[in-house]
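S.K.: First, the structure itself, so that you have it in front of you.
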Amino acid sequence: MGIKSNKELPQPTVLKEAFPLSQTEQTIIRTRIQEIKDVFTGKSKKFIVVIGPCSADNEDSVCEYVARLARVNEKVKDKLVLIPRVYTNKPRTNGSGYKGMLHQPDPEKAPDLYEGIIAIRKMHLRTIKESGLPAADEMLYPENRPYLDDLLVYEAVGARSVENQQHRLTASGMDIPVGMKNPTSGDYTVMLNSITAAQHGHRFIYRGYDVTTDGNPYAHAILRGAVNKYGVSVPNYHYEDLMRLLSQYTEKDYQYPAAIIDANHYNSNKQFKEQIRIVSEVLHSRNYNPDLQNLIKGVMIESYLSEGSQPISSNCVYGKSITDPCLGWEDTERLLYEIAERC
């Protein structure tokens, strides 16, 4: 076999005992999950903003970012539900490059998944402890989810994973809202099939067990743009794209039809400043059509302390992305207040 075992990893129960949640933090998480669920069921009219770095690459800068976000949250919490984007796994298009803190707790050192699993749990715990804002992460590896499943209030299944059976079935067993991104091809049918699968119960093999899931009624769409056969970006945040999703949603009996619009990735063609304009257009479309106001529950924004991106080096700028470029803090803060005014 071409596989070499490097190190046996701790069981999730062992890691949770070593780095536990306090009763106060458990209450914060339960309350936040219910608040987010209320948005998806329509009980709450608040607008969700999943926002943060493309990749959570440094505990100190991520926690500082989330602390700033918490201060803004105090001013907008009557209108917005701010969910920090603390993404600890980074999918790579061709398999090379920085794969996130799970793989490399220190981006300048060799991968160490044992230390990585510890590092990502400690970071998520610290963000909750210091800010009171539990976070979102991406389910890149379903088998790793139990290391963080008691900490998260929202999860996303990425464009490259949304057709994968294990991702779909694992999502059906989650008790938090999960966003299913459209695939890189942009095919809505693939995304909607994934939502259907996640909303229904299944029986399958998971981490060595024969398991049965109840289905997740809060599984929903994330529109993140696509690429055509020539590799050209094709956005899907425009009014006609949203109406097409609304039409396809009504063709079947989905629970709580909903969508989050990802303002970066192929919607912006990774031109990070375009996120400001894209969010503005989404808000306009939503306010123009009451049906879209019910469907579009929020936006996803990539943002960090310093704008842009940089290569990994020994003198990296603190709080600047080492993966996709992000909005800086000043633009972020202004944008959040604008969203609160217009949503």
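Every number in this text was worked out from the coordinates using simple rules, so none of it is lab data. Everything numeric here is computed off the predicted structure, so don't read it as measured data. Here the Cβ is made from the backbone with ideal geometry for all residues, glycine too, and neighbour counts use every protein chain on show.
S.K.: When Rg is the radius of gyration of the Cα atoms in the stretch 192-267 and Rh is its Kirkwood radius, what does Rg/Rh come to?
M.R.: Reported Rg/Rh, Kirkwood definition of Rh: 1.09.
S.K.: First check a/c for the stretch 80-142, with a ≥ b ≥ c the square roots of the eigenvalues of its C-alpha gyration tensor; if it is under 1.5, answer rounded, and if not, answer prolate when a/b is larger than b/c or oblate otherwise.
M.R.: Values: a/c = 2.55, a/b = 1.54, b/c = 1.66.
Judged from the Cα gyration tensor, the stretch 80-142 comes out oblate (a/c at least 1.5, b/c at or above a/b).
S.K.: Could you give me the ³J(HN,Hα) list for the stretch 95-103, computed from phi with Karplus coefficients 6.51, -1.76, 1.60 and θ = phi - 60°, whole Hz, x at Gly and Pro?
M.R.: Residue by residue, the stretch 95-103 yields x, 9, x, 5, 9, x, 5, 4, 7 Hz.
S.K.: Got the relative contact order for the stretch 12-342 handy, in percent, Cα pairs under 8 Å and 6 or more residues apart?
M.R.: Reported as a whole number, the value is 16 percent.
S.K.: Could you pull out every one of the lysines with an alpha carbon less than 25 Å from that of residue 229, ignoring same-chain neighbours closer than 8 positions?
M.R.: 90, 181, 270
S.K.: DSSP loop trypsin sites (Lys or Arg not before Pro) in the stretch 13-44 with at most 11 other Cβ atoms within 10 Å of their Cβ, which ones?
M.R.: 43
S.K.: Once a ≥ b ≥ c are taken as the square roots of the eigenvalues of the Cα gyration tensor of the stretch 135-214, is the result rounded (a/c under 1.5), prolate (a/b larger than b/c) or oblate (a/b not larger than b/c)?
M.R.: Numbers: a/c = 1.75, a/b = 1.26, b/c = 1.38.
It is oblate, given that a/c is not under 1.5 and a/b is not larger than b/c.
S.K.: Still on this structure: Taking the Cβ of each residue in 106, 112, 137 as the centre, tally the other Cβ atoms inside 10 Å and list the residues starting with the fewest.
M.R.: In increasing order of surrounding Cβ atoms, one gets 106, 112, 137.
S.K.: Considering only C-alpha atoms, what is the centroid distance from the stretch 325-343 to the stretch 56-135, in Å?
M.R.: 19 Å
S.K.: By average Cβ neighbour count within 10 Å, what is the ranking of 169-182, 242-255, 284-297 from highest down?
M.R.: Answer by packing, highest mean first, reads 169-182, 284-297, 242-255.
S.K.: Let me ask something additional. Give, in whole angstrom and from largest to smallest, the semi-axes √(5λ) of the equivalent ellipsoid of the stretch 12-342, with λ running over the eigenvalues of the Cα gyration tensor.
M.R.: Its equivalent ellipsoid spans semi-axes of 26, 24, 21 Å.
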